[in-house]
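The values are calculated or read from the model by the stated rules, or taken from the named source; none is laboratory data. These figures come from a predicted structure and were not determined experimentally. Neighbour counts are summed over all protein chains in view; Cβ atoms, including those assigned to glycine, are modelled from backbone coordinates with ideal geometry.
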Amino acid sequence: MKIIELILDEESIDAGVNAISIVESPAIESDFIALSKEQEIKLAEVDKEKRVLMGAALIPNKTIFRKNGEDEFYVYFSKETIAKASQLFLKQGNQGKSTLEHQLKLSDLTVVESWLVDDSEKDKSAYYGLSMPVGTWMVSVKVDNDEVWNDFVKTGKVKGFSIEGYFADKTELKAVENIDTIFAEFEAEEKEYLLKEVKAVIKKDKRTKSGKRISMESYSDYPDAVKNNAKRGLELNEKVNNKCATQVGKIRAQQLAQGKPVSIETIKRMKSYLSRASEYYDSSDTEACGTISYLLWGGKSALSWATSKINSLDA
């Protein structure tokens, strides 16, 4: 099964951990403990005045199972990424942002301590009975929300922390950084496709002597709305951790956003795709992959332009 390293895309304004969620089944499989005056670990005997939970937010090199549709894989974070994420979390002032099971926003929960484990045996977490590897990001959360404390913590309905945020697939980010190379490969692929078409036409001409004219031109006269839609699609996709569209769709968006010329065959593919994908586009749902993918290919403006361009060339 594929194992993917997640890293911080430091050029993204949304990168990093935006909130910490208290959950029943932490993805990193490490429960928090409740701290009391007597330093008891049992939740039922926690001191009512203190109400502090301590646990791991991220553990280095811990593989976490993920499923996206039918695609199953594991992700993990390195020590370096965890260190950067813990610092960025505080720098962005997200100490007071928390949720319940990644769904319900909570108030009156605050991260009051944040640190990285330097020594597994001497770390504060070890004092409370936790054995965490070096590089683990630990947090202590003060719970001043009576409902959360009484109905979820004391009853054991929640058992640990889970982060919420945006990270990038290291492999895909590297590909985006080398976008010029990818464009060259993409253009070479299209030229190869066109070459096959030319050879087919030439063979046909030898048989029929039709004298059919062959056009190898490319065009970049699409409207700004196409570029803006592609940029919007890239932004929205980034907000959902780039989960939508194939690599072809993502590169196509970069191509259109930068005003790169596209071949006749590409224009035909744009028209074909957008015509079929329009039914999945919903402007009110900016997290839906149908909406995002449609924008990545230039959206309705691209469909209109592609249709008009093909009609004019046929004429």
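Within the option set Gln92, Gln103, Gln87, being surrounded by fewer than 17 Cβ atoms within 10 Å (Cβ to Cβ), within 18 Å of Ile163 (Cβ to Cβ) and in contact with a Gly (Cβ under 7 Å, 6 or more places away or on another chain) holds for one residue only, Gln92. Annotation: Asp285 fulfils all but one of (1) of a type outside the set (Val, Ile, Thr); (2) surrounded by 15 or more Cβ atoms within 10 Å (Cβ to Cβ); (3) not in a helix (DSSP H, G or I); the unmet one is (2). Looking across region 3-25, the residues that are more than 16 Å from Val111 (Cβ to Cβ) and modelled with pLDDT of 75 or more come down to Ile3, Ile4, Glu5, Leu6, Ile7, Leu8, Ala15, Glu24, Ser25. Counting only residues that are part of a helix (DSSP H, G or I) and either crowded, with 18+ Cβ neighbours inside 10 Å or small (Gly, Ala, Ser) (or both), region 258-272 holds 7 of them. For region 92-108, the criterion of being touching a Phe, Trp or Tyr at 6+ places or on another chain (Cβ under 6 Å) and either closer than 26 Å to Val134 by Cα or assigned to a strand (DSSP E or B) (or both) is met by none of the residues.
Checking each residue in region 110-126 for being out of contact with any helix residue (DSSP H, G or I) (no Cβ under 7 Å at 6 or more places or on another chain) and either outside the structural domain of Ser21 (by TED's automatic domain parsing) or touching a residue at least 12 places away in the same chain (Cβ under 8 Å) (or both) picks out Thr110, Val111, Val112, Glu113, Trp115, Asp118, Asp119, Asp123, Lys124, Ser125. Here Ser218 meets each of (1) crowded, with 17+ Cβ neighbours inside 10 Å; (2) polar (S, T, N, Q); (3) at pLDDT 90 or above with one exception, condition (3).
Residue pairs whose Cβ atoms lie under 8 Å apart, separated by 6 or more positions or on different chains, with the first residue in region 275-303 and in the same structural domain as Asn242 (by TED's automatic domain parsing) and touching a residue at least 60 places away in the same chain (Cβ under 8 Å) and the second assigned to a helix (DSSP H, G or I) and of a type in the set (Val, Ile, Thr), are Gly298/Val226; Gly299/Val226; Ser301/Val226; Ala302/Val226.
Within region 67-85, the set of residues being touching a strand residue (DSSP E or B) at 6+ places or on another chain (Cβ under 7 Å) and without any contact (Cβ under 8 Å) to a residue 60 or more places away in the chain comprises Ile82, Ala83.
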